[in-house]
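The values are calculated or read from the model by the stated rules, or taken from the named source; none is laboratory data. A quick note: this is a predicted structure, and the numbers were derived from the prediction, not measured. Counting neighbours? That spans all protein chains shown, and the Cβs are built from the backbone with ideal geometry, glycine included.
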Amino acid sequence: MKQILSKSIAWRENFQLNRETEALRIFYGPGESEHPELSKIAIDLFGNHAWITQWSKIKDSAQEEIRQYLLNEKVFGRPIQSAVWIDRSSDKIDDAKPFLGEPPREKFEVREFGIPYLVQMLETKHPGLFLDHAPLRQWLLATQNGKNVLNLFAYTGSLSIAAGRGGATNVVTLDLSKPTIQWARESWVNAGLPDQEQNFIFGDALEWLPRLAKKATQENKLFDTILCDPPSFSRSKTGTFSTQKDSTRLHQLIFPLLKKGGILVTSINSENILERDFLRDIAIAAEKTDSKIRILKRIDLPETFPTDTRQLSTRYLKGFYLLKE
Ligand SMILES: C[S@@+](CC[C@H](N)C(=O)[O-])C[C@H]1O[C@@H](n2cnc3c(N)ncnc32)[C@H](O)[C@@H]1O
């Protein structure tokens with residue numbers, strides 16, 4: 001085990017953690033190891049704190065070996081101060097539990113490409129920063145100067161913050177969870193961006209999109225960039241949403257809000273949906289809304305999530321950067 005983990009961490013020296021980037025996946029078992037126990041887990045680093053995810057039952061002895069590894073080995077030359085463990089092996093998922101040392105009780109700041117994001121280790125099922133979308137945040141930082149941006153399904157708003165710090169003049173952040181949208185606003189302000197209550201919307205994207213379209217058309221202020229990264233399934237007051245069934249409906253609501261020359265970045269986190277089926281759903285929506293769309297770039301997992309090509313289920317992230325012509 002020790003050898004496998006050390007090898008995985010060693011090649012990530014290329015993406016070395018430094019003062020600019022302190023958050024990184026340091027081990028992705030499902031794609032990176034055939035070890036019977038290690039292949040069930042991933043280890044993410046947030047500063048000096050580790051977040052370990054388990055996807056299927058793992059032996060107690062293996063868990064102990066991982067604890068000893070993190071206790072005794074330095075990662076990128078630094079000791080691990082604390083770790084939490086989340087068990088995702090069944091339908092009932094509890095919050096992450098302390099695994100090593102004393103994990104921070106409060107939210108704390110980690111930097112990625114020099115930008116601070118607030119993350120949390122305890123009393124949560126997710127730390128608040130999706131590391132697989134790091135390339136998208138990097139792109140937003142580099143390209144959004146002067147842009148009008150809409151971030152749907154925003155979670156803790158990391159994409160909004162990257163766009164804001166990239167110079168976007170207006171960023172609308174929307175999510176169905178109230179605590180999450182509050183977290184997004186807190187993290188936005190923590191990143192030195194101006195507090196704008198009206199730009200943080202707690203609501204259902206499918207319900208809000210027609211409203212936003214009406215307002216944007218009236219004010220002649222369509223969006224330059226729209227970010228759309230829904231969960232596989234969700235339930236709101238007005239109904240359910242699933243990427244399997246509702247991608248066309250969702251994109252039909254999005255395209256009218258996007259300026260000509262604007263870019264939609266749309267992704268799904270679903271091992272069961274093929275990229276070509278997702279694209280077909282988008283194409284139908286484009287046709288129905290009379291929108292001419294061109295693919296600029298595909299979205300795939302970044303290098304720090306190496307995947308085994310024989311195991312499609314490990315390649316869950318898919319999507320596109322789409323230009324509206
Ligand atoms: C996969 S996460 C998005 C991650 C985010 N793009 C990021 O990079 O941090 C999905 C988010 O969609 C939100 N959500 C689920 N159903 C929704 C809906 N109908 N309208 C708006 N947000 C929704 C959830 O609360 C969750 O925060």
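In the range 211-220, is there at least one residue being polar (S, T, N, Q), surrounded by fewer than 18 Cβ atoms within 10 Å (Cβ to Cβ) and within 16 Å of the ligand (Cβ to nearest atom)?
The answer is no; no qualifying residue exists.
Name every residue in the range 247-284 that is at pLDDT below 95 and either within 13 Å of the ligand (Cβ to nearest atom) or among the polar types (S, T, N, Q) (or both), in order of residue number.
269, 270, 272
Quick check, is residue 314 over 30 Å from residue 30 (Cα atoms) and touching an Asp or Glu at 6+ places or on another chain (Cβ under 7 Å)?
For residue 314, the condition - over 30 Å from residue 30 (Cα atoms) and touching an Asp or Glu at 6+ places or on another chain (Cβ under 7 Å) - is not met.
Could you list all residues from the range 283-312 that are in contact (Cβ under 8 Å) with a residue 40 or more places away in the chain and of a type in the set (Asp, Glu)?
Result: 303, 308.
Within the bounds of the range 73-95, is there any residue that is closer than 22 Å to residue 267 by Cβ, outside any loop (DSSP other than H, G, I, E, B) and within 16 Å of the ligand (Cβ to nearest atom)?
Among the residues of the range 73-95, not one is closer than 22 Å to residue 267 by Cβ, outside any loop (DSSP other than H, G, I, E, B) and within 16 Å of the ligand (Cβ to nearest atom), which makes the answer no.
Where residues in the range 101-145 are within 14 Å of the chain's Cα centre (by Cα) and either away from the ligand (no atom under 15 Å from the Cβ) or among the charged types (D, E, K, R) (or both), which of them is farthest from residue 20 (Cα to Cα)?
So the residue we want is 125.
Just to be sure I understand the filter: pairs with C-beta atoms under 9 Å, separated by 6 or more residues or on different chains, first member in the range 225-250 and among the aromatic types (Phe, Trp, Tyr), second member surrounded by fewer than 21 Cβ atoms within 10 Å (Cβ to Cβ) and not in a helix (DSSP H, G or I). Which pairs pass?
Within 9 Å, the pairs are 233/240; 233/242; 241/204; 241/231; 241/233; 241/234; 241/235.
Of the residues 140, 152, only one is touching a Gly at 6+ places or on another chain (Cβ under 9 Å) and closer than 27 Å to residue 264 by Cβ; which?
The unique qualifying residue is 140.
Within the range 145-165, how many residues are farther than 20 Å from residue 206 by Cβ and surrounded by fewer than 23 Cβ atoms within 10 Å (Cβ to Cβ)?
Residues in the range 145-165 being farther than 20 Å from residue 206 by Cβ and surrounded by fewer than 23 Cβ atoms within 10 Å (Cβ to Cβ): 5 in total.
Counting only residues that are more than 19 Å from residue 284 (Cα to Cα) and among the basic types (Lys, Arg), which one in the range 223-256 is surrounded by the fewest Cβ atoms within 10 Å (Cβ to Cβ)?
Selected residue: 237.
Tell me which of these residue 261 doesn't satisfy, since it passes every other one: (1) surrounded by fewer than 20 Cβ atoms within 10 Å (Cβ to Cβ); (2) assigned to a helix (DSSP H, G or I).
Unmet for residue 261, out of (1) surrounded by fewer than 20 Cβ atoms within 10 Å (Cβ to Cβ); (2) assigned to a helix (DSSP H, G or I): (2).
Can you tell me which residues in the range 152-194 are within 19 Å of residue 108 (Cα to Cα), more than 15 Å from the ligand (Cβ to nearest atom) and without any contact (Cβ under 8 Å) to a residue 24 or more places away in the chain?
189
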